Amino acid sequence: MKRRELGSIVVGVDVGGPKKGFHAVALQDGHSREPLSTHIAEEVAAWCCLHNQQCPLVRSTRDDT
């Protein structure tokens with residue numbers, strides 16, 4: 001695993017399907033900076049860009065319940 005520089009921001013996105021939507025969090029130095037919850041994929045993409053993230057960690061399941 002590659003170490004990150006202090007102050008760097010890492011973004012994670014949980015894809016919960018049509019019913020649950022997306023849940024995202026930005027972490028900086030191990031602390032949550034700004035959570036996001038939405039059903040709009042474009043909003044998640046724009047939010048990732050705000051944090052200078054081009055390829056966030058994404059978790060997805062097939063269960064839409």
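Quick notes on this one:
- So SER60, is it surrounded by fewer than 13 Cβ atoms within 10 Å (Cβ to Cβ) and at pLDDT below 80: yes
- Of the residues making up region 10-29, those that are more than 11 Å from the chain's Cα centre (by Cα) and outside any loop (DSSP other than H, G, I, E, B) are GLY17, PRO18, LYS19, LYS20, GLN28.
- Within region 7-25, considering residues that are touching a Pro at 6+ places or on another chain (Cβ under 8 Å) and at pLDDT 90 or above, the one nearest to HIS39 (Cα to Cα): HIS23
- Criterion: part of a strand (DSSP E or B), exposed (fewer than 11 other Cβ atoms within 10 Å of the Cβ) and at pLDDT 85 or above - qualifying residue of SER32, SER37: SER32
The values are calculated or read from the model by the stated rules, or taken from the named source; none is laboratory data. Note that this is a predicted model, so its numbers are computed, not measured. Backbone-built Cβ (ideal geometry, glycine too); neighbour counts: all protein chains shown.
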